[in-house]
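The values are calculated or read from the model by the stated rules, or taken from the named source; none is laboratory data. All values reported here derive from a predicted model rather than from experimental measurement. Note that each Cβ is placed from the backbone with ideal geometry, even for glycine, and that neighbours are counted across all protein chains shown.
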Amino acid sequence: MAQAPKEFSVVGKRIPRIDAHERVTGQAQYTGDIQLPGMLYARVLRSPHPHAKIVGIDTSKAEKLPGVKAIVHHENAKVPWSSGGLTHQRFIFNNPVRYVGDAVAAVAATDRHIAEDALKLIDVKYEKIPHVLDANEALKPDAPKITPNGNLSVGKGSASAPIEESWGDVDKGFSEADRVFEDTYITKHVNNAQMERRVSVAKWDAGKLTVFASTQGVSNARTDIAKDFALPLSKVRIVCKYMGGGFGNKNQAQDYDYMAAVLAKVAGQPVKLEFTREDDYIGMHGRWSSEQRYKIGVKKDGTITAVTLNAVTNMGAYRKQSGNLSGTDFYNIPNFKKVILPVHTNTVVAANYRAPSYPQSVFGFASFLDQIAHEMDINPVDMFMRNRIQKYKSKTPFTSNFLEQCISEGSKRIGWQEKWHKAGATGGEKKHGIGMALGGYPFRPGLGAATIRLNPDGTAHVLVGVSDIGTGAKSTMAIIAAEALGISLTQIQLTNGDTDVTPYSVGESGSRTTSFTGLAVIAAAEDVRRQIFNRAAGQMKVKAEELDLRDGEVFVKADPSQKLPLERVVRSAGEMIGRATTNPAFKDVEGKSFSAHFAEVEVDGITGHVKISRYVAAHDSGTIINRLPAESQIKGGVTQGIGMAFTEELIIDKVTGIPINPNYRDAKVPTHLEVPEVEVIFIEQMDPFGPFGGKVVGEPPITAAVATIANAIFNATGKRVKELPITPDKILQARQV
Amino acid sequence: MNDEKGSKFSRRSFLKGLGSSAIGTAAISTGLVKTDPAEAYTPETSGNAPAKKALNLKVNGKLYKVDVEHRNTLAEVLRDQVGLTGTKIGCDRGECGACTVIIDGRNMYSCSQLAVWMEGKEILTIEGLAKGDKLDPLQEAFIEHDGPQCGFCTSGQIMSGKALLMKNPKPNETQARRGLSGNLCRCGNYNREVAAVLAVAAKAR
């Protein structure tokens with residue numbers, strides 16, 4: 001299916017971001033940097049109880065504090081937050097409160113410290129309700145009910161239902177197996193912890209709401225807010241030009257955007273609502289934790305015959321997203337059945353964090369497969385190569401699949417054959433280990449839109465709705481536009497992230513921007529090129545089909561000496577506008593980016609401390625549009641995986657339900673000192689569907705990282721830690737296999 | 001502000017626009033604070049009405065006259081009063097380093113320094129690094145090596161890198177990592193940030 005790599009003029013180079021200058025000089029204006037005349041500051045009051053009915057809110061003392069301008073809570077601001085809960089209705093303020101951190105009230109004041117002081121003066125009377133914190137406990141019949149339907153989150157329709165998926169015949173598959181293994185793996189809640197705390201600035205002008213949001217998607221944020229405030233889309237404007245990370249938890253509109261809008265309306269002044277870092281840890285969401293029970297049947301040679309996965313995922317008090325587990329996606333499993341129970345508990349909400357359903361179960365499944373390889377005396381690289389996915393659900397072909405090359409190139413680069421040894425084989429205090437795992441992320445096309453305005457001097461203005469959350473999406477769109485138009489990148493101006501100006505964008509989630517919006521940029525460029533050639537054909541007295549455009553010159557393909565500068569064509573038309581809305585779909589194919597990761601570690605046998613000495617990440621993401629930020633994405637995904645593997649866990653007190661480490665220091669995100677050089681390999685083969693052959697890049701790198709490190713630690717120690725994070729004490733206490 | 005009639009669009013018309021209590025629409029009734037100054041309540045939590053102190057702040061070689069409360073951090077005053085928003089606040093509790101500035105030659109978390117302590121000190125922020133249009137070599141290196149992903153920690157990374165290079169123009173990799181280790185980057189771009197510092201160091205060799 002794949003096409004040979006093509007020579008491009010702009011695509012596929014190492015190009016600094018088009019907005020790098022603004023980002024290194026402090027000139028880039030993020031949401032929190034916006035100051036408006038008369039702007040108030042707002043803070044949020046949160047529930048100290050995991051489950052309680054609010055029986056009274058007395059704001060009279062807070063109201064008397066000089067500088068306080070507006071106080072809103074569930075009684076006076078009953079605003080639904082549609083995207084806050086998939087399955088039962090959620091408001092920006094809820095009664096009862098269902099977790100420690102559930103928003104109770106918000107205050108706007110002339111100064112952020114006054115707003116903070118005012119929170120302490122709000123007297124809330126709670127009536128405690130029995131609570132449940134553990135997902136397995138929550139499923140017991142006598143557990144306190146968090147929703148009217150109980151604690152198994154409702155699926156499609158209204159009945160409580162698990163996520164189920166199956167193909168083939170697992171009973172038959174297990175009967176064909178030479179050996180059948182069963183085990184359980186556990187992962188914990190990890191916060192996205194992006195550097196920019198949540199912040200929103202809202203103002204109303206003549207009935208029109210403008211929200212300067214920190215959002216991954218201005219278009220869907222506008223749709224959400226318009227719907228919940230019952231406003232026409234024309235009365236809502238969302239702006240996000242620079243965005244300080246989100247990794248999935250700034251999709252759509254969030255409750256703080258709504259609170260800022262409501263406070264601004266009530267106060268009649270613009271409001272900036274800022275989360276504290278603690279708010280950010282407990283008031284929004286992190287990655288869902290999971291308990292995964294696998295049964296795997298294999299032939300003598302290691303070939304998988306059947307897999308069942310029964311799992312429980314803890315979604316916290318509200319279900320914002322799926323709760324699925326997808327780590328089995330990278331393997332050829334002829335007979336498969338999974339049943340996942342997304343469960344409500346009275347804990348912090350869990351939802352999307354970079355490759356939402358993957359790292360948890362890539363850790364579980366790839367650890368277990370590595371364990372089975374060990375028990376069957378098979379070299380892990382052979383085990384992974386033999387069982388790598390070739391067809392989706394064993395039947396549908398992929399648009400392109402170079403997972404095999406990821407495994408072979410990556411293992412060659414790290415020196416697998418020379419360095420691999422039996423688990424726990426190295427003596428001495430410092431034990432060497434090497435491990436690997438497979439990962440990736442789905443890739444599919446979808447709704448995208450772009451506008452390109454050609455100026456009379458031949459320069460182009462690209463308008464796209466993307467936020468650029470750190471991926472380099474603005475640069476990617478500009479590069480795609482330059483390549484598709486046939487002009488140089490320096491001739492491109494780009495405007496992004498403003499619903500009053502820029503066309504629809506899917507939002508930077510699901511690694512979709514390059515494929516969804518990128519294809520629209522190409523189509524918009526083609527639209528304007530048609531206009532150029534039609535006009536130039538008259539000027540040059542040739543047929544439009546005979547013309548091409550490169551380096552800002554329109555020329556006759558058969559005789560490039562016959563040419564016309566682009567600006568002369570555009571000037572004669574005033575300006576030219578190319579537009580496209582594209583919505584392609586796959587037919588009888590599936591898309592995926594793939595990866596194979598490899599790590600070498602050194603484990604201190606006395607302290608249990610692990611040092612990653614080498615890391616190689618081999619990726620099939622199709623054509624790489626811009627190698628510089630694409631490599632950075634891979635490095636960053638691995639870094640987040642390192643945090644998830646070794647240290648990160650939001651710990652909830654088992655009695656009170658209070659999160660005890662909602663901050664960087666205690667939740668332990670990786671620092672400069674823990675992260676090795678991550679060597680990145682791109683298997684650059686064009687995908688036939690993606691823009692210029694590109695697939696997805698942003699989410700794949702975190703998927704395999706956790707399992708890769710876990711398997712390297714096993715190889716070093718011969719000890720299998722089956723519960724994240726893999727801390728030194730767990731390594732020391734684990735039994736030698 | 002508190003006078004409904006005075007504002008162009010009253011809360012009542014807002015409510016009308018929102019519908020009343022139907023599912024899927026918002027309902028907002030009260031919430032506007034009508035403060036009677038005679039009844040103003042001064043809470044124990046904030047102490048007496050906070051006194052403001054006039055302060056001369058020397059930032060990037062310029063003197064700024066600011067009025068600050070004792071509780072205002074340097075990071076807040078730089079951002080809200082001086083208008084230099086390149087200094088970011090990531091945690092506001094001395095953990096992440098996004099607010100790093102250079103004070104008298106040392107990189108420090110400006111969220112953990114009170115503004116009132118800054119009289120007579122030389123403060124250098126990200127905005128003060130470039131000489132006119134000419135970027136600092138470390139800023140150039142951050143562009144070339146893709147130092148910023150989301151860019152929110154970048155100012156702090158650069159200021160810590162700059163402070164290191166001011167003390168030690170030729171740090172090795174270990175020294176560079178240590179020099180930047182107080183600056184978190186959740187995008188995980190550590191390789192790039194260290195590479196940028198080392199690129200500047202290499203030119204000094």
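List of remarks:
- Residue list for the stretch B:60-76, filter: among the β-branched types (Val, Ile, Thr) and either closer than 21 Å to residue B:151 by Cα or facing another protein chain (nearest Cβ under 7 Å) (or both): none
- Inspection of the stretch A:146-169 identifies at least one residue that is more than 14 Å from every other protein chain (Cβ to nearest Cβ) and of a type in the set (Lys, Arg).
- Restricted to the stretch B:155-205, and to residues there that are under 22 Å from residue A:612 (Cα atoms) and among the polar types (S, T, N, Q), the residue that is farthest from the other protein chains (Cβ to nearest Cβ) is B:172.
- Checking A:681, A:660, A:731, A:713 one by one, the residue that is surrounded by fewer than 24 Cβ atoms within 10 Å (Cβ to Cβ) and under 18 Å from residue A:639 (Cα atoms) is A:681 and no other.
- Failed condition for residue B:14, given (1) assigned to a helix (DSSP H, G or I); (2) modelled with pLDDT of 95 or more; (3) at the interface with chain A (Cβ under 7 Å from one of its Cβ atoms): (2)
- Any hit, the stretch A:510-530, residues being over 21 Å from residue A:467 (Cβ atoms) and not in a helix (DSSP H, G or I): no
- Pairing each residue of the stretch B:185-201 that is crowded, with 24+ Cβ neighbours inside 10 Å with any residue that is of a type in the set (Ser, Thr, Tyr), provided the two are 6+ apart or on different chains, yields C-beta distances under 7 Å for B:188/A:639; B:189/A:632; B:190/A:639; B:192/A:632.
- Among the helices (runs of 4 or more DSSP H) confined to the stretch A:361-436, the ones with at least 2 residues that are in contact with a helix residue (DSSP H, G or I) (Cβ under 6 Å, 6 or more places away or on another chain) and in contact (Cβ under 8 Å) with a residue 40 or more places away in the chain are located at A:380-387, A:403-414.
- The residues of the stretch A:49-85 that are within 13 Å of another protein chain (Cβ to nearest Cβ), part of a loop (DSSP other than H, G, I, E, B) and not β-branched (Val, Ile, Thr), listed by number, are A:65, A:66, A:67, A:74, A:75, A:76, A:81, A:85.
- Candidates in the stretch A:184-201 are the residues that are part of a strand (DSSP E or B) and more than 13 Å from chain B (Cβ to nearest Cβ); of these, the one that is surrounded by the most Cβ atoms within 10 Å (Cβ to Cβ) is A:200.
- Residue tally, condition more than 27 Å from the chain's Cα centre (by Cα) and either assigned to a loop (DSSP other than H, G, I, E, B) or among the basic types (Lys, Arg) (or both), over the stretch A:572-610: 10
Okay, residues lined up against (1) over 21 Å from residue A:481 (Cβ atoms); (2) hydroxyl-bearing (Ser, Thr, Tyr); (3) in a helix (DSSP H, G or I); (4) without any contact (Cβ under 8 Å) to a residue 40 or more places away in the chain:
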residue: A:532; (1), (2), (3), (4): no, no, yes, no
residue: A:542; (1), (2), (3), (4): yes, no, no, yes
residue: A:545; (1), (2), (3), (4): yes, no, yes, yes
residue: A:549; (1), (2), (3), (4): no, no, no, no
residue: A:560; (1), (2), (3), (4): yes, no, no, yes
residue: A:563; (1), (2), (3), (4): yes, no, no, yes
residue: A:567; (1), (2), (3), (4): no, no, yes, no
residue: A:570; (1), (2), (3), (4): no, no, yes, no
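- Leading residue by the ranking (modelled with the lowest pLDDT) among those in the stretch A:454-480 that are small (Gly, Ala, Ser) and buried (at least 22 other Cβ atoms within 10 Å of the Cβ): A:467
Quick grid of which residues meet (1) closer than 14 Å to residue A:673 by Cβ; (2) under 22 Å from the mean Cα position of the chain (by Cα):
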position: B:143; (1), (2): no, yes
position: B:171; (1), (2): no, no
position: B:179; (1), (2): yes, yes
position: B:184; (1), (2): yes, yes
position: B:187; (1), (2): no, yes
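- Residue identified as in contact (Cβ under 8 Å) with a residue 12 or more places away in the chain, touching a Ser or Thr at 6+ places or on another chain (Cβ under 9 Å) and more than 10 Å from chain B (Cβ to nearest Cβ) among A:648, A:699, A:674: A:699
- Any hit, the stretch A:625-644, residues being surrounded by 20 or more Cβ atoms within 10 Å (Cβ to Cβ) and part of a loop (DSSP other than H, G, I, E, B): yes
- Selection count where residues are of a type in the set (Gly, Ala, Ser), at the interface with another protein chain (Cβ under 9 Å from one of its Cβ atoms) and either part of a strand (DSSP E or B) or buried (at least 24 other Cβ atoms within 10 Å of the Cβ) (or both), scope the stretch B:88-123: 2
- Residues being touching a helix residue (DSSP H, G or I) at 6+ places or on another chain (Cβ under 9 Å), free of Cβ contacts under 8 Å to residues at least 60 places away in the same chain and outside the structural domain of residue A:363 (by TED's automatic domain parsing) are entirely absent from the stretch A:273-288.
- Lone unmet requirement of (1) at pLDDT below 95; (2) crowded, with 21+ Cβ neighbours inside 10 Å for residue A:395: (2)
- Put simply, of A:120, A:140, A:128 the only residue that is basic (Lys, Arg) and touching a helix residue (DSSP H, G or I) at 6+ places or on another chain (Cβ under 7 Å) is A:120.
- For the residues A:544, A:585, the requirement of being modelled with pLDDT of 95 or more and either among the aliphatic types (A, V, I, L, M) or not assigned by TED's automatic domain parsing to the domain that holds residue A:684 (or both) singles out A:544.
Residues are listed down the side, and each one gets a yes or a no for (1) among the polar types (S, T, N, Q); (2) in contact with a His (Cβ under 6 Å, 6 or more places away or on another chain); (3) closer than 22 Å to residue A:468 by Cα:
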site	(1), (2), (3)
B:115	no, no, no
B:149	yes, no, yes
B:161	no, no, no
B:164	no, no, no
B:169	no, no, no
B:180	no, yes, no
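- Criterion violated by residue A:733 - all others in (1) at pLDDT below 95; (2) within 14 Å of another protein chain (Cβ to nearest Cβ) satisfied: (2)
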